[in-house]
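Single-structure report; data block below.
The values are calculated or read from the model by the stated rules, or taken from the named source; none is laboratory data. All figures in this text were calculated on a predicted structure; none of them were measured in a lab. Cβ sites come from the backbone with ideal geometry, for glycine too, and all protein chains shown count toward neighbours. Only protein heavy atoms, including side chains, enter the accessible area calculation; ligands, DNA and RNA are left aside. Shrake-Rupley method; radii C 1.70, N 1.55, O 1.52, S 1.80 Å.
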Amino acid sequence: QVQLVESGGGLVQAGGSLRLSCAASGRTFSSYTMGWFRQAPGKEREFVASISWNGVLVYYSDSVQGRFTISRDNAKNTVYLQMNTLKPEDTALYYCATAWVRWPASRPSDFGSWGQGTQVTVSS
């Protein structure tokens, strides 16, 4: 089973940027579709973005399309989420996860292993 550790969260002003990283253990990382989700207090976990095993296919939620970019480096067992033009409504705990399915993958039930999350707070 893949273990995931997120990092890169923090406090940023609206309009700013952050880059999240998700480091994975295990030799099979490169075979998994990966995803990012977020969860704000009192709200359900929300899909953010996913990327296919080879990085060719990407998919974003409407709320982050054009502002966030997902990428991966299979040699480093790491997936990234570049977040630009951040808004207060982007404030949440951000999780990465590995998918059970090949593609597409955007529902929480499509994903198996989850990290512990990294907090992103955007001030207005």
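Taking amide H atoms as placed 1.01 Å from N in the peptide plane, the amide H of R72 lies under 5 Å from those of Y80, each 5 or more residues away in sequence or on another chain. Across the range 89-95, computed HN-Hα scalar couplings (Karplus, 6.51 cos²θ - 1.76 cosθ + 1.60, θ = phi - 60°) run 6, 7, 4, 4, 8, 9, 10 Hz from first to last residue, x flagging Gly and Pro. By accessible area, using a 1.4 Å probe on protein heavy atoms only, the range 45-85 has 49% of its surface on carbon and sulfur. Rolling a 1.4 Å probe over the protein heavy atoms gives the chain an accessible area of 52 Å² per residue.
Think of each Lys and Arg Cβ as +1 and each Asp and Glu Cβ as -1; about the Cα centre, that makes the dipole of the range 1-115 roughly 200 debye. Here's how it looks for T33: its modeled amide H is under 5 Å from those of W53, A99, which are all 5 or more places away or on a different chain. Applying both filters, DSSP loop and at most 13 other Cβ atoms within 10 Å, to the trypsin sites (Lys or Arg not before Pro) of the range 19-57 gives R27, K43. As a length-normalised measure over Cα pairs under 8 Å and 6 or more apart, the relative contact order of the chain settles at 36 percent. Applied to the range 103-115, the Karplus parametrisation 6.51 cos²θ - 1.76 cosθ + 1.60 on θ = phi - 60° returns per-residue 3J(HN,Hα) values of 6, x, 9, 8, 8, x, 6, 7, 10, x, 6, 10, x Hz, with x for Gly and Pro. The trypsin sites (Lys or Arg not before Pro) of the range 71-124 that DSSP puts in a loop, and whose beta carbon has at most 13 other beta carbons within 10 Å, are K76, R102.
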